[in-house]
Amino acid sequence: VDRNSKVDPQFILVNVTRRCATEAVTKQCKSTLVKSLGVKKVICQESCQTDGCNIGWPARPQCSICNSRSSLNSSGSPVSNDGYDSCIYNPPSPVQCEFPYQQYCVASLKTKNLPPIPNTGYAQEMVRSCSHYNYGNGCTDVGAVRGYGYSYYNCNRTCETYGCNSGLISGSIRVTSSVYWHFFPAMVTVVSQQWTGIRLFRIRL
């Protein structure tokens with residue numbers, strides 16, 4: 001059942017065939033509407049030429065999958081932990097998505113704004129996953145949190161190639177303490193961390 005929404009579609013897996021072949025096939029998914037049942041029949045196929053390469057769902061990407069959320073100490077600074085930093089800077093290798101209808105890899109980052117500089121702060125939550133829904137690309141300001149003097153913005157990346165949701169996305173910067181924003185050294189810290197992020201991203205490419 002095709003749904004252009006965040007709700008997972010209903011599906012029945014009819015069959016899977018993995019075999020050797022003498023000719024390549026076009027990498028694609030084709031769908032036909034079965035009017036009597038009100039559903040779509042989808043056939044996906046793909047061929048490859050390396051040892052053991054016919055794994056995973058055909059014509060679907062393999063994606064990096066992890067989920068992390070920072071916690072705050074009494075001074076309001078993020079508490080570092082290996083799992084949190086790993087999901088941002090060193091995510092796991094791409095794997096097959098759980099369901100065959102998941103055609104996208106998604107990376108979503110929630111960042112906490114620290115005034116007075118807009119769109120700067122530390123990453124509050126990072127999610128890398130598979131999805132059938134296209135979340136688009138770019139950042140959106142979620143708005144201020146009433147009574148706390150800060151706001152959030154979300155950045156999304158949606159893509160369709162192997163491991164494309166790895167690497168840094170906009171806003172993948174975290175400062176040590178919000179107190180530093182009131183002093184000039186904070187600017188040095190931000191520039192330094194941004195340059196580190198750029199170097200990591202370029203090396204990953």
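The values are calculated or read from the model by the stated rules, or taken from the named source; none is laboratory data. Note that the coordinates shown come from a computational prediction; the quantities given were computed from them, not determined experimentally. Cβ sites come from the backbone with ideal geometry, for glycine too, and all protein chains shown count toward neighbours.
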Could you tell me which of the residues 14, 1, 7, 25 is at pLDDT 95 or above and assigned to a loop (DSSP other than H, G, I, E, B)? 25
Could you list, in sequence order, all residues of segment 46-64 that are more than 16 Å from residue 160 (Cβ to Cβ) and under 28 Å from the mean Cα position of the chain (by Cα)? 47, 48, 50, 52, 53, 54, 55
Residue 39 passes all but one of the listed conditions (1) modelled with pLDDT of 95 or more; (2) of a type in the set (A, V, I, L, M, F, W, C); (3) surrounded by fewer than 19 Cβ atoms within 10 Å (Cβ to Cβ); the exception is number (1)
Considering only segment 103-123, I want to know if a residue exists there that is in contact with an Asp or Glu (Cβ under 9 Å, 6 or more places away or on another chain), modelled with pLDDT of 95 or more, assigned to a strand (DSSP E or B) and in the same structural domain as residue 156 (by TED's automatic domain parsing). yes
Residues that are touching a Cys at 6+ places or on another chain (Cβ under 9 Å), over 25 Å from residue 134 (Cβ atoms) and of a type in the set (A, V, I, L, M, F, W, C), drawn from segment 5-56: 24
